[in-house]
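Asker: Sharing a structure with you now.
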Amino acid sequence: MKSLAISVKKRENVGKSNSKALRNQGKVPCVLYGGEKQVCFYAHVNDLRKLVYTPDVFLIDLDVEGTKTSCILQDIQFHPVTDKILHIDFLEVFADKEVTVEIPVVLTGMAIGVRNGGNLLTRRNKIITRAIPGNLPDAIEIDISELKIGMFIYIKDLKSDKYSFLASDNSVVVGVKTARAAIEEEVAEVEEGEEGEEGTPSEASGDQSTDIAKEGK
């Protein structure tokens, strides 16, 4: 997993008035959980942008006035109207203890089914993953090149010895669903093949094609 170093300042005072004052200065109140005791601190919003406004997941090297801790972002609160960052919770992690993190899904390749007129169906942009910090991947990469129309990739297809998923094995991650255009194209190809075998295209066969197309609709 990618790492990101952030230097922050410990909060001397806590409470709503102090938090409001920090936000007015462009700073974000934060809390670190998971250790022997929780640590309250703050960071400037500019120092948190790479952590917050990205699909990537980071293992954070947090420096609280010289005291360094390894942690991950656990929760973030935004203002419901302005989307301004209001508060962030961090969770301390340990090399030998598993943690649960949402890992982004990255699709590679162009599905055969999409090239043939199907529609790509993405059910999960992230997958809740559990592992020790050293085994957490940057992303769950999925090659969809061989996916045909009607084919799907499930959680069970992505299993690894290094990490586990909290979703059920039969949960769909991505697939190619049937599109009307794809059905009509397949019907047309079949009919053209039949006409080629007979070698005598006729108006009757054209009428039959129209009927089939109407039924497909």
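Asker: I need the full set of residues from the range 148-163 which are surrounded by 14 or more Cβ atoms within 10 Å (Cβ to Cβ) and either free of Cβ contacts under 8 Å to residues at least 12 places away in the same chain or among the hydroxyl-bearing types (S, T, Y) (or both), in order please.
Answerer: Residues satisfying the conditions are Y154, Y163.
Asker: Here's something else I'd like to know. In the range 107-120, what count of residues is obtained for those that are within 19 Å of the chain's Cα centre (by Cα) and either under 17 Å from S164 (Cβ atoms) or exposed (fewer than 14 other Cβ atoms within 10 Å of the Cβ) (or both)?
Answerer: Residues that pass the stated criteria total 3.
Asker: Can you tell which of V57, V52, V14 is closer than 30 Å to D96 by Cα, of a type in the set (A, V, I, L, M) and surrounded by fewer than 14 Cβ atoms within 10 Å (Cβ to Cβ)?
Answerer: Sole residue among the options that is closer than 30 Å to D96 by Cα, of a type in the set (A, V, I, L, M) and surrounded by fewer than 14 Cβ atoms within 10 Å (Cβ to Cβ): V52.
Asker: Taking the condition touching a Lys or Arg at 6+ places or on another chain (Cβ under 9 Å), under 29 Å from L51 (Cβ atoms) and loosely packed, with under 13 Cβ neighbours inside 10 Å, does L166 pass?
Answerer: yes
Asker: Yes or no: the range 56-77 includes at least one residue that is of a type in the set (K, R) and over 17 Å from S3 (Cβ atoms).
Answerer: no
Asker: Same structure, new question: Give the residue that is farthest from the chain's Cα centre (by Cα), with candidates limited to residues of the range 124-147 that are within 19 Å of T178 (Cα to Cα) and surrounded by fewer than 15 Cβ atoms within 10 Å (Cβ to Cβ).
Answerer: Looking at the filtered set, the residue picked out is E146.
Asker: Any residue in the range 30-58 that is assigned by TED's automatic domain parsing to the domain that holds L73 sitting within a Cβ distance under 9 Å of a residue that is modelled with pLDDT under 90 and not in a loop (DSSP other than H, G, I, E, B)? List the pairs, counting only those 6 or more apart or interchain.
Answerer: D56/K2; V57/K2; F58/K2
Asker: For the range 117-147, which positions are among the charged types (D, E, K, R) and touching a residue at least 40 places away in the same chain (Cβ under 8 Å)?
Answerer: Of everything in the range 117-147, those that are among the charged types (D, E, K, R) and touching a residue at least 40 places away in the same chain (Cβ under 8 Å) turn out to be R123, R124, D138.
Asker: Are there any strands (runs of 3 or more DSSP E) wholly within the range 5-93 with 3 or more residues that are within 30 Å of V106 (Cβ to Cβ), and if so which?
Answerer: So the answer is 27-33, 58-64, 67-78, 85-92.
The values are calculated or read from the model by the stated rules, or taken from the named source; none is laboratory data. Nothing here was measured: the structure is a model prediction, and the numbers come from that model. Cβ: placed from backbone, ideal geometry, glycine included. Neighbour counts: every protein chain shown.
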